Amino acid sequence: MLVTVIIFLREAIEAALLFSVLLALCQRFDVERRWLFPTISTGVAGACIGALLMERITNSFDGTGQEIMNATFLFFMATCAIIICLWLSNFLRRDKPELNDRLSTHISWVFILILCLAIMHEGLELSIYCYSYMLGHDNNLAFFIGGILGLGIGISFGAIVYYILVNLSRSTLMKIAIFLLVLVAAGMSSQASLYLIQSGWLPFTKTLWDSSNIISEQSLLGQLLYAMIGYEATPDGLQVVFYFSTIAISLLSIFLYARRHRI
């Protein structure tokens, strides 16, 4: 049951962190939230359809379709996170950040895309685990209890982050949101590179370190760090390159964009 709790917790925390940050931004910047329910419904439907087609997806690209799909999702999500950071950087130098209707509509579409992809990605990961568990175990009660506990902790974490963020000043919220989203984008880029390595599209490189004795990926702290900063106890060299390259590109883009639109 503990393994089930950890797996559901990891997937729930990743999605909950994104939800909490984006909902806090919507609340403080008066962005319409009518897209929320359709986005969740579309993401869940997409995850269900993907689960039904998983055998075909897995067999595509010479048996690496699942890894390619996951990497594609993660790269798109990382790009969306960076776009949101660029949008926020446009207001960092303003005393009274305000949105016009056109900009609000455009950023809402980015919110919709990243959350849809997040729900589909996490939903597919959980569906694969659920299917594998059902095939090899008979104790479904422990599985359901573990899943509920994992999801409950993850949702509670997201709610706490949301209420902390909405009570911050706008400038502080923007800075923290940019900080978190850049780290989330870097973590997604690192995960995507790992999928591409597993698929053979990128070469294997040497594992740079092993910090599992300090912080285990299976611990609660390890799962929190995994969701927030893309923590890996035994990262591949290319993962580290993708991680820090994403941070560097994001910060440079934010600096140049903010400078160009400085008021």
Going through the range 9-38 in order, the residues found to be in a helix (DSSP H, G or I), aromatic (Phe, Trp, Tyr) and surrounded by fewer than 19 Cβ atoms within 10 Å (Cβ to Cβ) are Phe37
Picked from the range 156-184 (must be small (Gly, Ala, Ser) and in a helix (DSSP H, G or I)), the residue farthest from Tyr231 (Cα to Cα) is Ser171
For the range 201-249 the number of residues that are surrounded by 16 or more Cβ atoms within 10 Å (Cβ to Cβ), outside any helix (DSSP H, G or I) and touching a Ser or Thr at 6+ places or on another chain (Cβ under 8 Å) is 6
Determine, yes or no, whether Arg102 is among the basic types (Lys, Arg), farther than 21 Å from Tyr131 by Cβ, assigned to a helix (DSSP H, G or I) and modelled with pLDDT under 85. yes
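Among the candidates Ile145, Ile107, Ile128, single out the residue that is crowded, with 16+ Cβ neighbours inside 10 Å, among the β-branched types (Val, Ile, Thr), part of a helix (DSSP H, G or I) and in contact (Cβ under 8 Å) with a residue 24 or more places away in the chain. Walk me through how you get there before you give the answer.
Details: Ile145 fails: crowded, with 16+ Cβ neighbours inside 10 Å; Ile128 fails: crowded, with 16+ Cβ neighbours inside 10 Å.
Result: Ile107 is the single residue among Ile145, Ile107, Ile128 that is crowded, with 16+ Cβ neighbours inside 10 Å, among the β-branched types (Val, Ile, Thr), part of a helix (DSSP H, G or I) and in contact (Cβ under 8 Å) with a residue 24 or more places away in the chain.
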Of (1) closer than 25 Å to His121 by Cβ; (2) out of contact with any Asp or Glu (no Cβ under 8 Å at 6 or more places or on another chain); (3) in contact (Cβ under 8 Å) with a residue 40 or more places away in the chain, Tyr226 satisfies every one except (2)
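Tell me which residues, restricted to the range 178-187, are within 12 Å of the chain's Cα centre (by Cα) and either farther than 16 Å from Gly237 by Cβ or surrounded by fewer than 24 Cβ atoms within 10 Å (Cβ to Cβ) (or both).
Residues of the range 178-187 within 12 Å of the chain's Cα centre (by Cα): 180-187.
Scanning the range 178-187 gives Leu180, Leu181, Val182, Leu183, Val184, Ala185, Gly187.
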Given the structure, is Ala233 closer than 25 Å to Phe8 by Cβ, out of contact with any Leu (no Cβ under 8 Å at 6 or more places or on another chain) and at pLDDT 85 or above? no
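Have a look at Gly123, Gly152 and point out the one that is over 30 Å from Ser253 (Cα atoms), modelled with pLDDT of 85 or more and surrounded by fewer than 22 Cβ atoms within 10 Å (Cβ to Cβ). Before the answer, list the steps.
On the way: Gly123 fails: modelled with pLDDT of 85 or more.
It is Gly152.
Could you check the range 44-64 and list, in sequence order, the residues that are among the polar types (S, T, N, Q) and assigned to a helix (DSSP H, G or I)? Write out each step before concluding.
So in the range 44-64, the residues among the polar types (S, T, N, Q) come out as 58-60, 64.
Listed by number, the residues that qualify are Thr58, Asn59, Ser60.
For the range 165-180, does any single residue satisfy the condition of being within 30 Å of Thr58 (Cβ to Cβ) and at pLDDT 85 or above? Write out each step before concluding.
Kept after step one, since they are within 30 Å of Thr58 (Cβ to Cβ), are these residues of the range 165-180: none.
Checked against the condition, which is being within 30 Å of Thr58 (Cβ to Cβ) and at pLDDT 85 or above, the range 165-180 yields no hits at all.
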Selection from the range 188-214 of residues under 15 Å from the mean Cα position of the chain (by Cα) and farther than 16 Å from Thr72 by Cβ yields none
Inside the range 207-247, the number of residues satisfying the requirement of being closer than 20 Å to Val182 by Cα and among the β-branched types (Val, Ile, Thr) is 5
Scanning the range 39-75 for residues that are under 29 Å from Phe179 (Cβ atoms) and surrounded by fewer than 17 Cβ atoms within 10 Å (Cβ to Cβ), the one modelled with the highest pLDDT turns out to be Thr72
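The values are calculated or read from the model by the stated rules, or taken from the named source; none is laboratory data. These numbers come from a predicted model, not from an experiment. Methodologically, a virtual Cβ is constructed for each residue, glycine included, from the backbone with ideal geometry; neighbour enumeration extends over all protein chains shown.
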